[in-house]
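The values are calculated or read from the model by the stated rules, or taken from the named source; none is laboratory data. Because the structure is predicted, anything quoted here is derived from the model rather than measured. Glycine also receives a Cβ, built like all others from the backbone with ideal geometry; neighbour counts cover every protein chain displayed.
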Amino acid sequence: MPMKAATDRLRVAVAAPLSEENCAVIERLEPRIELIRDQTLYPPMRHPADFSGDPSFRRTASQQDRYEEMLLSADALYGVPDLNPAALKRVAERNTSLRWVHTMAAGGGTQIKAADLTPDQLQRIAFTTSAGVHGAPLAEFAVFGVLAGAKDLPRLIQQQRSHSWTGRWVMRQVSDLTVLVIGLGGIGQQVARRLNALGASVIGCNRSGRSVDFVDRVIPAANIREALDEVDAIVISLPETDATVNLIGREVLSEVKPATTLVNVGRGTVVDESALLDALRSGRIGFAALDVFASEPLAADSPLWDEPGVLVSPHTAALSSREDQLIAELFAENATRLLDSRPMLNRVDTVDFY
Ligand SMILES: NC(=O)C1=CN([C@@H]2O[C@H](COP(=O)(O)OP(=O)(O)OC[C@H]3O[C@@H](n4cnc5c(N)ncnc54)[C@H](O)[C@@H]3O)[C@@H](O)[C@H]2O)C=CC1
Ligand SMILES: O=C(O)C(=O)COP(=O)(O)O
């Protein structure tokens, strides 16, 4: 996609909640940005990185007019308006100067896809995501999942609940394990680094096949099944694309070694949940730590809630007190790149929408 020529200024409308402190971070890092915002127009954040904000918040009609005017006057948007693809589509149609939208989500490609923009709009506007900023917290959660599987956390909890002091047994050590990390981006690379520090062997998957630090062997996703007899745990840190949906399906899950641990911190749709339940019940999967689900919130009647080998985390493992600032810094870096006509980071490709 062609880059616009270098310009002096970039008028950015803040479309998503952003504290004044982090507005100042952006303005300090890239003074050529004119950052327009009105703090009365955003839903109050309930916690860091709460980009949907308090659901009870409603704009008055005049506030809504002001919000839309602000978005229509900008060259770039900080965030997808109200995290709503239809609102993004309206702005893209009406604001013909718009040339960049940055999503708060790392997996923001699906939000862009859902906006159903025209080829012209997709050509004119650069879309970038916050991929990478969640690496550290999600890598910790992934390591926690691998450790909990190795130590059989469900068995410990169940025995403790029933006051049952059984005979001793040998717990697995992470240093003896081989872990397959599927998706070696911002998250997966940090997972690999931490697992390597614990002495595990790491096999990894990315799209390019390029080697990655702390990963002993990189294989293409198409070859996952050939590695399964070596693998004691699988960590998924993949986006949702046509190529990844149900990648971990019945075939893969029926060929894993008995008692394999599964951790998913990427997107829930990558795992076939019904096949996962069967694999848990047959003992192929011994423990699954899931931060993401095919449909969220997880339905109250989903069998995953009550499955003894499953740990449900409500898409919360990525949140950290630093997330908002990291996104602000990433945004400023990308603004500098746009203004200097250099390639931007985390550009969404508008074919795969990743
Ligand atoms: N649980 C949560 O709250 C969060 C979930 N996520 C999800 O995790 C995904 C990954 O996040 P990051 O690591 O920051 O993104 P990233 O873009 O840095 O990394 C994604 C990795 O997946 C690989 N990949 C993509 N398609 C593939 C395919 N078909 N086969 C093999 N590898 C493939 C890429 O090569 C890359 O290594 C996001 O797209 C998002 O959907 C991200 C942040 C928070
Ligand atoms: O960034 C993503 O893709 C996530 O899944 C996490 O979203 P959030 O931390 O709510 O922006």
- Message: Of everything in region 110-127, what is touching a residue at least 40 places away in the same chain (Cβ under 8 Å) and out of contact with any helix residue (DSSP H, G or I) (no Cβ under 6 Å at 6 or more places or on another chain)? Give them in sequence order.
- Response: Thr110, Ile112, Lys113, Leu122, Gln123, Ala126
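Residue by residue through region 294-304, note down the ones that are within 18 Å of the chain's Cα centre (by Cα) and within 18 Å of Arg250 (Cβ to Cβ).
Ala294
How many of the residues making up region 320-354 are in a loop (DSSP other than H, G, I, E, B) and small (Gly, Ala, Ser)?
As a first pass, look at region 320-354 and keep what is in a loop (DSSP other than H, G, I, E, B): 320-322, 340-346, 348-354.
Then keep just the ones that are small (Gly, Ala, Ser); that gives 320-321, 341.
Final tally of qualifying residues: 3.
Report yes if Ser237 is closer than 26 Å to Arg172 by Cβ and either of a type in the set (A, V, I, L, M) or touching a helix residue (DSSP H, G or I) at 6+ places or on another chain (Cβ under 6 Å) (or both), otherwise no. Break it down stepwise before answering.
Details: closer than 26 Å to Arg172 by Cβ: yes; either of a type in the set (A, V, I, L, M) or touching a helix residue (DSSP H, G or I) at 6+ places or on another chain (Cβ under 6 Å) (or both): yes.
Yes, satisfied.
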- Item | Residues within region 250-265 that are part of a loop (DSSP other than H, G, I, E, B) and in contact with a strand residue (DSSP E or B) (Cβ under 8 Å, 6 or more places away or on another chain), tallied | 4
- Give the number of residues within region 225-273 that are in contact with a Gly (Cβ under 9 Å, 6 or more places away or on another chain) and either at pLDDT below 95 or buried (at least 18 other Cβ atoms within 10 Å of the Cβ) (or both). 21
- Query: Can you tell which of Thr269, Thr336 is over 18 Å from Ala136 (Cβ atoms) and in contact (Cβ under 8 Å) with a residue 60 or more places away in the chain?
  - Reply: Thr336
- Query: Is it true that Pro239 is in contact with a strand residue (DSSP E or B) (Cβ under 8 Å, 6 or more places away or on another chain), in a loop (DSSP other than H, G, I, E, B) and either of a type outside the set (Lys, Arg) or near ligand 1 (Cβ under 10 Å from one of its atoms) (or both)?
  - Reply: no
- Please go through region 274-308 and pick out each residue that is surrounded by fewer than 17 Cβ atoms within 10 Å (Cβ to Cβ) and part of a helix (DSSP H, G or I). Ser274, Asp278, Arg281, Ser282, Pro303, Trp305, Asp306
- Task: Among the numbered conditions (1) crowded, with 20+ Cβ neighbours inside 10 Å; (2) touching a Lys or Arg at 6+ places or on another chain (Cβ under 9 Å), tell me where Val101 comes up short.
- Result: (2)
- Ala49 vs. criteria within 14 Å of ligand 2 (Cβ to nearest atom) and buried (at least 20 other Cβ atoms within 10 Å of the Cβ): yes
